[in-house]
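Throughout, read-outs are computed from the coordinates displayed, never taken from laboratory work. All figures in this text were calculated on a predicted structure; none of them were measured in a lab. For neighbour counting, all protein chains shown are included, and Cβ atoms are generated from backbone atoms with ideal geometry for every residue, glycine included.
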Number of protein chains: 2
Amino acid sequence: MAVTMHDVAHRAGVSIKTVSNVVNQYPHVRPETRRRVEEAIAELGYRLNTTARNLRQGRTGMIGLALPELSLPYFAELADSVMRAAEARGVVVLIEQTGAQRDRELQALDSSHRRLTDGLLFSPLALEPEETERLEVDYPMVLLGERMFGPVDHVTMANVEAARAATLHLVERGCRRIATIGAHPGETMGSARLRFDGYRKALAEAGLPFDPDLVGDAGLWHRSTGAEAMTRLLDAGVELDGVFGMNDALALGALHVLHTRGVAVPHDVAVMGFDDVDDARYSEPLLSTIDPGREQIATTAVDLLLERIAGSQVPPRRVVADFEIVARESCLLGRTVH
Amino acid sequence: MAVTMHDVAHRAGVSIKTVSNVVNQYPHVRPETRRRVEEAIAELGYRLNTTARNLRQGRTGMIGLALPELSLPYFAELADSVMRAAEARGVVVLIEQTGAQRDRELQALDSSHRRLTDGLLFSPLALEPEETERLEVDYPMVLLGERMFGPVDHVTMANVEAARAATLHLVERGCRRIATIGAHPGETMGSARLRFDGYRKALAEAGLPFDPDLVGDAGLWHRSTGAEAMTRLLDAGVELDGVFGMNDALALGALHVLHTRGVAVPHDVAVMGFDDVDDARYSEPLLSTIDPGREQIATTAVDLLLERIAGSQVPPRRVVADFEIVARESCLLGRTVH
DNA sequence: CTGTTAGCGCCTTCAC
DNA sequence: GTGAAGGCGCTAACAG
């Protein structure tokens, strides 16, 4: 069977408690004793039994991460960041996919995984704002994303501000007819609505008129839907010199179409995305975009959750991550007609 | 504190063992007793403590999945399939990223996660074939991918055969000058080499000459590198009427360039990818590709691993998944000059 | 600084 | 068909 602390203690000629002290970095152990124990550990190939520790301590050392889909680049990269942040703090992440389906999101709140984790990072996409009471669960939880505002900690992007900044960035580069792609008409919250609001805000501030003809709807935020929306705009003959894609996939789809149609980017049309997904570093031309602070979101969310797990009872907090404009080729300066 | 079996037993007026029997679907429980226990469970909101069960049973009910990166679409979708397969079998998946770095791959073999999992599904990308002895670990493991052939169970794609089939598919559609993109010159194993071998095999069978000018190298298998390779081929003025991308990202990058250059797909050039990634369903035109049997790979790998965990001592097995040609628009028939 | 004791919540063994 | 006892490997509390 597996080597236990008992075996190590026996071998090192100490008690089991001393072994525990060494393993747990308890400071008051005589160096000589510590050495003997460490030697025994090495010789026996001992490895701590996490399950036993967890049972004893009443925690599992794991946190859950429930997200729509790993195959959506933003979430894959978010998962990456969360795992890194968690690792740095000594906890392990258990990922769960909800497929952005309402019932599976509800299920995640009550799945068997909840018995295996000390808390949950929850990124819902389908739950409705009216269902916030479902978020009143009896375990620590931190919400990610824009979707809900229940009585729990919440880490979110500066959607409005960042979209505004992206649009203004295009204005500063000389754009006067700026289209946006990815709108969800009728939506009252959620990223599409918030980013659209930021876009309009920027136009207003810049003294540019809002033109509904410059708005490209796109339900799913994929390359293909971005390409379709861009195609519709071009086919409609709308005059434009800038495009703000509400995420990078949409913007990349738009870039693709512009290329195909012989529209020079950034010379004729400048393009901004949103998310700073890995792909944006590999496009032609390189896509300018918004870094929404994914790292910060991940580390903050993990920290808030760990505080709750540690027993913090402060009122629900709301953290908005810092964003940054990532200026690349697709909206280089110097494109303006002087 | 949490509700325990003891509480339930007390409430139902039975012993703790009876509760355990009910919870574990033990058949010989009087219906009346079962009902009483189930009632008590519901009333108290009892949930089994998995940690305690795991400690007692000496297993964790979790399996590890170590893969290069979730942000690579193929692996994100593989993770998805593995999680589904595992769920159906009542086990939970713990994902770990290695970044395709040799040291982190080695680390994964010995990380703290190993104490939390009953076994490991390991998909290395950087380890060298000479290092197969590192795979002789003291826990159940199943290898995924082409990279290594150590003394462990291995589930792999039919790389050579599928690449051959993809290339022949282009031949059947009338292609005579078929380029391939994604080659890794000098590689002796790994997907790039195997798929290249399949490509050459198909050419030979079809009686077509192999022309080194039709081979586009690409170290990383991204859209951008695919686009670059395609650009180099076109710029070199090589005559071609078909392209086999060694994965979908490469093929999608090539599609993009062909579009930009005004080359009609599939009319002038037919294109095949490999992997059947989600994106292939959203491109313009839709990308024909190879479904390498990801679902089958996932379910088989999970099954093999669970057999090992259950104690199976049979010699290492090697399973090659079935593949399928997914014919979409990018290589439609009727493009041939008759 | 180190040893002893007593469980964490569950399942297995063996009675009854 | 059900109950009682013991222990999985570890750590918290308290001695010494």
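The table that follows gives values for the structure above.
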quantity	calculated
Under-5 Å amide H pairs with residue B:319, H placed in peptide plane, nonlocal only	B:154, B:155, B:156
Summed residue charge, Cβ within 13 Å of residue A:26's Cβ, Lys/Arg positive, Asp/Glu negative	+3
Position residue B:205, label points 7 Å along Cα→Cβ, spacing to each other copy in nm (shortest first, one decimal)	6.1
At 1.002 mPa s and 20 °C, Stokes diffusion of the range B:168-283 via Kirkwood alpha-carbon radius, µm² per second	155
5 angstrom amide H check on residue B:118, placed H, neighbours 5+ away	B:60, B:61, B:62, B:63, B:64
DSSP beta bridges in chain B [antiparallel fraction, %, rounded to 5]	10
Tensor-based shape of the protein assembly as shown (alpha-carbon gyration tensor, a/c under 1.5 rounded, otherwise prolate or oblate)	oblate
Cα gyration tensor category, rounded, prolate or oblate, for the range A:8-56 with a/c compared to 1.5	oblate
Convex hull per residue volume in Å³, alpha carbons only, for chain A	175
Candidates A:248, A:211, A:80, ranked by Gaussian network fluctuation over chain A, Cα under 10 Å, top entry	A:211
Gyration tensor (Cα) of the range B:103-159, equivalent ellipsoid semi-axes in angstrom	18, 13, 10
